[in-house]
1. Which far-off residues, 5 or more places away or on another chain, put their amide H under 5 Å from the one on residue 246, with H placed in the peptide plane?
2. Using the Kirkwood radius over Cα pairs, work out the Stokes-Einstein diffusion coefficient for region 149-307 at 25 °C and 0.890 mPa s, in µm²/s as a whole number.
3. Would you mind checking the radius of gyration and Dmax of region 122-169 based on alpha-carbon positions, in Å?
4. Given a 10 angstrom Cα cut-off, can you work out which residue in 205, 265, 175 is the most mobile in a GNM of the chain?
5. If you take all C-alpha pairs in region 126-242, what percent of them are over 18 Å apart?
6. Solvent-accessible area per residue for the chain at a 1.4 Å probe radius, Å²?
7. Sum -39500 (n - 2.57) across every DSSP H segment of at least 4 residues in the chain, then divide by the residue count to get the 222 nm mean residue ellipticity, nearest 500.
8. Among the aspartates and glutamates, select those whose C-alpha is under 17 Å from the C-alpha of residue 27, and discard any that sit fewer than 8 residues away in the same chain.
Amino acid sequence: MNAAVRAVVRTALFNELDVYAIRQGYKGLISGNLKKVDSSDVSNTIQRGGTILKSARCEQFRTPEGREIAVQKLRDNGIDALVVIGGDGSFQGATLLGKEHGVNVIGVPATIDNDLVGTDETIGYDTALNTATEAIDKIRDTADAHDRLFLVEVMGRDAGFIALETGIAGGAELILLPESLTNLSEIKSSLTRVLEEHQRSSLVIIAEGDETGGALKLSEELKPDFGKYDMRVCILGHVQRGGNPTARDRVLASRLGSAAVTVLIEGHSEVMVGVVNNKIKLTPLKMTFGKKKDINYELVELAKTLR
Ligand code: F6P
């Protein structure tokens, strides 16, 4: 996210525009937590995890009165366009600002879940993938030493992108995703096959949004039949949301942040900037939320072939 903020600031300044940073998202906008920034304010930030602008949930912004205050703050500061970096909740809010008050808004997709349509990848996804894969490699060492069965849960509220790609990268024996519905008896028979064939350590990667209800619940369900295996659960959790971004994420965020300003200058509004087939692509903001982005089913098949 910091790389995207930096790109927005520097592209705006390059085009001789004034640029303001709003801290804590819509909450900060309503409370007037914003300041004019210059190039040095974003120096030494591209490599940092988290967000220098912070983030916050804001119930008030969900109300027309709250949005009225937000718009007034923009007007008071002479701000006529807003670049919103986030996911579908942030984009719904941005769309309302455009519709109700004519504010020019551009969305920049950022979520580790990678579940936004209109872009091949979202900011943060690649970093989360690499963090989770590194953790899985480490878990594999213990699993291998003790011939254990590990159930590893990765993030992805409703989506299996992280699970699918970390599963392949980490050589998982089984990957459970919300998108490819599997019932318990299918899981048990796949696992039995894998364990009998391999006779060694095995890793199951589970997306937190999977219908099994996550790794802990699944381990309880498996205990009666798989009790003879030395089974362990590891929930990777919020480590996946932090850390220095990968080079690929920094480049993606720089491209998208810069494109957001460019398309604003060109007169666009209520669109999200994404990268599709390595080209910047615009998608109407209202098409980006409440939609299910397809996972790559070729990768689902690949994972089955390689396990
Ligand atoms: O949407 C991104 C995400 O990291 C999900 O993968 C996860 O379910 C959720 O956020 C965690 O949110 P919180 O930090 O609010 O618990």
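1. So residue 246 has HN proximity to 127.
2. Numbers: Rh = 17.8 Å.
Roughly 138 µm²/s, to the nearest whole number.
3. Rg then Dmax for region 122-169, in Å: 11.5, 37.
4. 265
5. Values: 2944 of 6786 pairs.
Result: 43 percent of Cα pairs exceed 18 Å.
6. Details: 14830 Å² over 307 residues.
The answer is 48 Å² per residue.
7. Working: 10 runs with 134 residues, N = 307.
Result for the chain: -14000 deg cm²/dmol, rounded to the nearest 500.
8. Reachable aspartates and glutamates: 59, 65, 68, 76, 88.
The values are calculated or read from the model by the stated rules, or taken from the named source; none is laboratory data. Just so it is clear, the structure is predicted and the values come from calculations on it, not from any experiment. Methodologically, a virtual Cβ is constructed for each residue, glycine included, from the backbone with ideal geometry; neighbour enumeration extends over all protein chains shown. The protein model used for the area step is the full one, side chains on, heavy atoms only, and it has no ligands, DNA or RNA in it. Shrake-Rupley method; radii C 1.70, N 1.55, O 1.52, S 1.80 Å.
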